[in-house]
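Student: Quick one: this structure, given as structure tokens, is what I'll be asking you about.
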Amino acid sequence: MLDRFHLRRDSPVKPFVQIKSQFEYEICTGRLAPGSRLPSVREVASALGVSPVTVTRAYRELEIASLAVSHPGVGFFVLSTADSQAGPHAEIRSRAIKFLNDAVDEGVGLDQVLQILLAEIAEMRAKLAHIELILICKRQGRINELATELRQSLSDMRVDIVPVVLEEVAEDLEGWLPRLHKARHVLGLVFDLSYIQPLLIRHGVPVIPILAMPRPDVKERLADLETGCRVGILASLPDFVDGLISCVVESNPEVSIVGGLSCRDTRQIPLLMQSVDCVVYGTLARQTLESQAFLPSKSIELVYVPETDWVQRLRGLLRSELST
């Protein structure tokens, strides 16, 4: 199936959008049957020469569009497409085909049509999104997955979530400040506040901290560790080590915590890796972990998602602002 897929490197359309659109076509035309498993993230990434993060983002967008569903540890699966083939999706596709045929008949190139559509979509998005929330996260963090989580939690509200990389803001702060001031709210994971606040507070940009909890499938993996399993902790900074240890013990008090280190403890990390059965690490410590010559048989990335109560409080705040 992937031999039908291709990416235009010179296209202004981002790769994850191109991938999402091609899978959407396969699903909505019935080439991918309901219940069938989508190709693995690594398979698509290898075939198209893109990062697995790009493919994951495309799959998450399919979830938002109710075309696919993820099963942790198994993969992504196609949802029922009856509505897509016979309902509004089919009608819109028919109109789109006519529009493209008319454009070609008028002598307008498809690339020009694409530019026109992108401009109109951007303008429509701005009209529909009454509230823009900017989500700031470090480059190595799971910013796109976090943005997807927030979009899904707020899908019934007129809110646009804009993910922004913290390092890009720091490199061009003067260029970003007008956009940050214009946004209704700026959000950042509580773990990143020590980086974000000093950068923005002095410029009058308040940051709402996102209270987070371990993703449910991560908690399940921690709970499934056998009694007495020797666990090592690796965090990006010393300040986060205790928090990761507390999370592991809370999820499974039967494991044995051998030790906890930050990425700065470069000499001690190899010794810790050789003395544990499992390493639990923060997202920002992933690169350091991958550089190790020896790794334990198990590793669990402690991925966080917005806390349910925090999301409800944010919804209440946005609801009151949308009603004014």
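Rule-based calculations on the coordinates, nothing more; no lab input. No experiment lies behind these values; they were computed from the predicted model shown. Counting neighbours? That spans all protein chains shown, and the Cβs are built from the backbone with ideal geometry, glycine included.
Student: Ser291 to Tyr195: extension gain in nm, 0.36 nm per residue of separation minus the Cα-Cα distance?
Tutor: 32.1 nm
Student: In terms of Cα to Cα distance under 16 Å, which aspartates and glutamates are near enough to Lys20, apart from those fewer than 8 places away along the same chain?
Tutor: Result set, ordered by chain and number: Asp3, Glu43, Glu61, Glu63, Glu145.
Student: Still on this model: Ser66 to Arg230: extension gain in nm, 0.36 nm per residue of separation minus the Cα-Cα distance?
Tutor: Taking Ser66 through Arg230 to full extension adds about 55.0 nm, to one decimal.
Student: Now, a different point. When DSSP assigns beta bridges and you keep just the ones with both residues in the chain, what percent turn out antiparallel, to the nearest 5?
Tutor: 20
Student: Can you compute the helix-only [θ] at 222 nm over the chain? Use -39500 (n - 2.57) per DSSP H run of at least 4 residues, normalise by all residues, nearest 500 deg cm²/dmol.
Tutor: -15000 deg cm²/dmol
Student: Asp277: net charge of surrounding residues, Cβ under 15 Å, Lys/Arg +1, Asp/Glu -1, itself excluded?
Tutor: 0
Student: Can you sort Val44, Val104 so the residue with the fewest Cβ neighbours within 10 Å comes first?
Tutor: Val104, Val44
Student: Using the Karplus curve 6.51 cos²θ - 1.76 cosθ + 1.60 with θ = phi - 60°, work out ³J(HN,Hα) for each residue of the stretch 221-231 in order, rounded to whole Hz, and write x for Gly and Pro.
Tutor: In residue order, the calculated couplings are 5, 5, 5, 7, 5, 5, 4, x, 4, 7, 10 Hz.
Student: Can you tell me how much longer the chain between Leu7 and Ser155 gets when fully stretched, taken as 0.36 nm per residue apart minus their C-alpha distance, in nm with one decimal?
Tutor: Gain on stretching Leu7 to Ser155: 50.4 nm.
Student: Please compute the net charge surrounding Leu314, taking Lys and Arg as +1 and Asp and Glu as -1 over other residues with Cβ under 11 Å from its Cβ.
Tutor: Cβ neighbours under 11 Å give a net charge of 0.
Student: Fewest Cβ neighbours within 10 Å first, please rank Arg267, Arg151 accordingly. Write out the running numbers ahead of the final one.
Tutor: Working: Arg267 8, Arg151 20.
Ranking Arg267, Arg151 by Cβ neighbours within 10 Å, fewest first, gives Arg267, Arg151.
Student: Which loop trypsin sites (Lys or Arg not before Pro) in the stretch 156-214, with loop taken from DSSP, have no more than 13 other Cβ atoms within 10 angstrom of their Cβ?
Tutor: Those that pass, being in a loop and sparsely packed, are Arg158.
Student: Here's something else I'd like to know. Hey, what D do you get for the stretch 216-302 in µm²/s if you plug the Kirkwood alpha-carbon radius into Stokes-Einstein at 37 °C and 0.692 mPa s?
Tutor: 263
Student: Between Leu237 and Leu271, with labels modelled 7 Å along Cα→Cβ, what's the label distance in nm to one decimal, could you check?
Tutor: Modelled inter-label distance: 2.6 nm.
Student: Tell me whether the stretch 167-324 comes out rounded, prolate or oblate; compute the Cα gyration tensor, take square roots of the eigenvalues as a ≥ b ≥ c, and use a/c under 1.5 as the rounded threshold. List each step's numbers first, then the result.
Tutor: Details: a/c = 3.33, a/b = 1.70, b/c = 1.96.
Oblate, because a/c is 1.5 or more while a/b does not exceed b/c.
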